[in-house]
1. When only Cα pairs under 8 Å and 6 or more residues apart are kept, what is the percent relative contact order across segment 114-221?
2. Antiparallel DSSP bridges in the chain: what percent, to the nearest 5?
3. With just the Cα atoms defining each centre, how far is segment 63-77 from segment 226-280? Give it in Å.
4. Given all pairs of different Cα atoms, what value in angstroms does the Kirkwood hydrodynamic radius of segment 200-313 take?
5. So what are the ³J(HN,Hα) numbers for segment 202-211, from phi and the Karplus equation (6.51, -1.76, 1.60; θ = phi - 60°), rounded to whole Hz, Gly and Pro as x?
6. Would you work out the Kirkwood radius for segment 250-313? I mean one over the mean of 1/r across all pairs of different Cα atoms, in Å.
7. With the alpha-carbon atoms as the only input, what is the per residue convex hull volume for segment 177-246 in Å³?
8. Please give the calculated 222 nm ellipticity per residue for the chain, where each DSSP H segment of at least 4 residues contributes -39500 (n - 2.57) and the sum is spread over every residue; nearest 500 deg cm²/dmol?
Amino acid sequence: MTKVSLIGAGPMAQAYGHAIKAAGLDCVVIGRGADSAKTFTDTVGLPVLLGGIDANSEALSGVTHAIVALPIPALAKQSIALMEIGVRKLLVEKPGGIDAAEVASVVSKAQKTDTEVFVAYNRRFYASVIEARKRILADGGPTSFRFEISEWSARIGPSAQPDNVKAAWLLANSTHVADMAFFLGGFPTAISCHSAGTTGWHAPAVFVGHGKSETGALFSYHGDWNAAPRWMVEICTNGNTYMFQPLEGLKVRTKDGFSIEDIQCPGAENDKAFKPGILKQVEAFVAADLSSDLLSIKNQLAHMRNIYSMMQG
């Protein structure tokens with residue numbers, strides 16, 4: 001049986017804990033805070049070893065896979081610590097580090113230790129996304145797509161998130177949507193970006209851009225963090241427009257009419273029983289042939305340097 005370690009005991013780790021139990025995996029949970037550990041155990045039903053990675057290196061003996069579900073400022077450092085202990089397959093919560101320099105340090109360590117490291121964009125594993133990919137392929141591929149990356153500034157600004165995380169919010173949070181859109185429509189081979197304004201805690205606040213993807217599809221995106229936000233992705237094909245708003249659901253509009261129909265997606269029950277996409281993502285991570293749908297840390301670094309830094313301005 002695959003032995004997995006879950007690093008962290010906060011809300012995101014709890015979501016992983018439920019999925020790990022459902023997948024029937026042997027799991028060692030490692031945390032730091034006593035309060036979060038108690039909440040985790042009460043909620044998930046798994047014990048938590050306190051003291052962090054350094055204090056529990058013996059418990060990690062025999063662990064082949066680790067999931068790093070920690071606050072963003074701790075992701076890179078703790079991923080490197082796991083590699084130093086000898087864990088050779090990591091799934092790290094998005095975005096993998098606070099900036100490109102941190103992610104580059106993880107990439108470097110992974111190359112030196114021959115470790116497979118993936119960044120956890122769980123929206124790739126939504127039932128709606130899996131179904132849309134099948135339909136888009138059956139239609140002959142995407143012809144164009146667009147997405148909306150507006151953020152809820154009224155909540156984020158006064159939140160307890162650290163200032164450096166707020167300042168990196170496009171990477172830390174908006175890339176949920178961008179990665180999902182590019183995963184479906186193709187990552188850019190050309191991109192033109194414009195930005196302006198400030199929220200007071202993040203600059204810029206307005207994002208507009210367009211480009212061409214590796215599939216040949218043209219795309220555009222928009223975000224205005226001082227306006228009324230709503231995430232959205234639309235993928236167009238020869239015949240259909242597939243719409244995600246909210247992202248967990250899938251709708252279609254055909255060229256034969258203006259009506260919009262809901263699509264019933266196989267596996268949608270998992271996205272109701274668990275945090276959407278998490279169970280499928282965990283299953284892909286522990287599979288013997290690691291799924292190509294997972295994003296490698298090396299590709300994440302390339303996206304940060306070539307796409308998200310351009311969007312950030």
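1. Normalised by residue count, the contact order of segment 114-221 is 28 percent.
2. Counting DSSP beta bridges with both partners in the chain, the antiparallel share is about 55 percent.
3. 30 Å
4. One over the average 1/r among Cα pairs gives 17.4 Å for segment 200-313.
5. After applying 6.51 cos²θ - 1.76 cosθ + 1.60, I find 8, 10, x, 10, 10, 10, 9, x, 7, x Hz.
6. Value: 15.3 Å, from the Cα pair sum.
7. Cα-based convex hull of segment 177-246, divided per residue, equals 91 Å³.
8. Rounded to the nearest 500, it is -9500 deg cm²/dmol.
The values are calculated or read from the model by the stated rules, or taken from the named source; none is laboratory data. What you are looking at is a predicted structure, and each value in this text was computed from that prediction instead of being measured. We place every Cβ from the backbone using ideal geometry, glycine too, and count neighbours over all the protein chains shown. Calculation scope for accessible area: heavy atoms of the full protein, side chains included, ligands and nucleic acids excluded. Shrake-Rupley method; radii C 1.70, N 1.55, O 1.52, S 1.80 Å.
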